[in-house]
Ligand SMILES: C[S@@+](CC[C@H](N)C(=O)[O-])C[C@H]1O[C@@H](n2cnc3c(N)ncnc32)[C@H](O)[C@@H]1O
C-alpha cells in the first residue's frame, strides 16, 4: 500500500477478518472517526477531544475540511444518479453521523419508495441515525449497528436479508476502507460481489496521499494514530483494483471533486492528501 501502515500492523494487518466485533465504545475523551469527520463537515455532535484531533490534522492538511465536503458531495451525486438510473435499494456502509443530505434524503427526492439501510459500527452514530429515522413513516429506512469487517454476519442481518435480491442494490462504502489494512477491503468486496444481484452498483471513496510528501504522509498517519485511528492510504490504482469483477464507469477513479463535478470553481483542484472515488457496475 502507498505510504501506508505507519502504525505498527495490528493483528488484522495480515488481512484476516476479525472473528469478534470490536466496535468503539462511547468515550467522549477519546477522539472518534465519525465525530472527527462530522466536525470537518461543521457538525455539532463532537467533543473537545475530537475537535483537538481534527484541528491538528487541519494544521497539517489545510484543505482537509474541503476534502471532507467534496467527499460528501461525491456520495450525494453518486446516489442521486443511481436513484435516477432506477436503483431502489441502497446500503450505505460506514454511514457516519447523520448530516445534511443523508443518502435516504437524496434518493427519496428522486424515488420516495427507495429502501436505504445505513450500517455503522459506532453505536452513537447509529443512535443518531435511528432518532432521525423515527420520522420515517414508511419504514423504508433502517440503521444497523455492525462491523463491516464481519461481512457474512452483516449480510445475514434481517435488514439486509429483507432486501429484494432479484433487483439491483447499490452499496456505498464512502471514506470507509482506509480504516482497514491489507486485503481486508478486497475480502469484504468479494463477499459483497457474491451477494449483490446482477445490475448492482458499488461506490467507493478512499483517502489517498495525493500530492503530500512521504514525510507529510507519515506525519498525518501519526496524527491519526494519536487520535486513535489507524489509517491505510491507497493509491488510485490500488482503489481501482478494489473494483475487481465490477465494470468501472467511464470516469474511472478520480479525485472525488472531479467525479461528475457539480461545482465549477477552484475547489475542484485537489491538493495535499485527498479522497479519490469511483462507481462500478456488476454485470453478472
Ligand atoms: C469518515 S466517516 C464516513 C461517513 C460517510 N460514509 C461519508 O463519507 O460521508 C467513516 C465512518 O465509518 C465507520 N466505520 C469505520 N470502520 C468501520 C467498520 N469496520 N464497520 C462499520 N463502520 C465503520 C466509522 O464509525 C465512521 O462513522
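What follows draws every value from the coordinates through simple rules; no lab data is involved. What you see is a predicted model, and the numbers here were worked out from it, not measured in a lab. Please note: Cβ atoms are built from the backbone with ideal geometry, for glycine as well, and neighbour counts cover all protein chains shown.
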How long are the three semi-axes of the equivalent ellipsoid of region 15-126, in whole Å, if each is the root of 5 times an eigenvalue of the C-alpha gyration tensor, listed from largest down?
27, 19, 12
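Summing -39500 (n - 2.57) over the DSSP H runs of n ≥ 4 in the chain and dividing by its residue number, what mean residue ellipticity at 222 nm do you reach, to the nearest 500 deg cm²/dmol?
On the way: 10 runs with 101 residues, N = 284.
-10500 deg cm²/dmol, from helical runs alone.
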Folded to 0 to 90 degrees: helix 64-84 orientation relative to the chain principal axis, Cα
10
Helix 184-195 sits off the longest principal axis of the Cα atoms of the chain, rounded to the nearest 10 on a 0 to 90 degree scale, by 10
Simple SL model, points at 7 angstrom along Cα→Cβ for residue 52 and residue 131; separation in nm is 2.5
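I'd like the antiparallel share, as a percent to the nearest 5, of DSSP beta bridges with both residues in the chain. Show your work: numbers first, answer last.
Working: 12 of 31 bridges.
Here the share of antiparallel DSSP bridges comes out near 40 percent.
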On a 0 to 90° scale, report how tilted helix 123-133 is relative to the longest principal axis of the chain, with both axes built from alpha carbons and the result rounded to the nearest 10.
40
Could the peptides 39-52, 91-104 be put in order, highest first, of the mean number of other beta-carbon atoms found within 10 Å of their residues?
91-104, 39-52
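What ranking do 155-163, 174-182 get when scored by the average of other Cβ atoms within 10 Å per residue, highest first? Walk me through the intermediate numbers first.
Details: 155-163: 13.9, 174-182: 22.3.
Put in order of decreasing packing, that is 174-182, 155-163.
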State the percent of C-alpha pairs, over all pairs in the chain, separated by a distance greater than 30 angstrom.
24
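Under the rule a/c < 1.5 gives rounded, and otherwise a/b versus b/c splits prolate from oblate, where does region 98-247 land using the Cα gyration tensor? Walk me through the intermediate numbers first.
Numbers: a/c = 1.96, a/b = 1.47, b/c = 1.34.
It comes out prolate by the Cα gyration axes.
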Spatial extent of region 142-221: Rg and Dmax, with the Cα atoms as the point set, Å:
15.4, 49
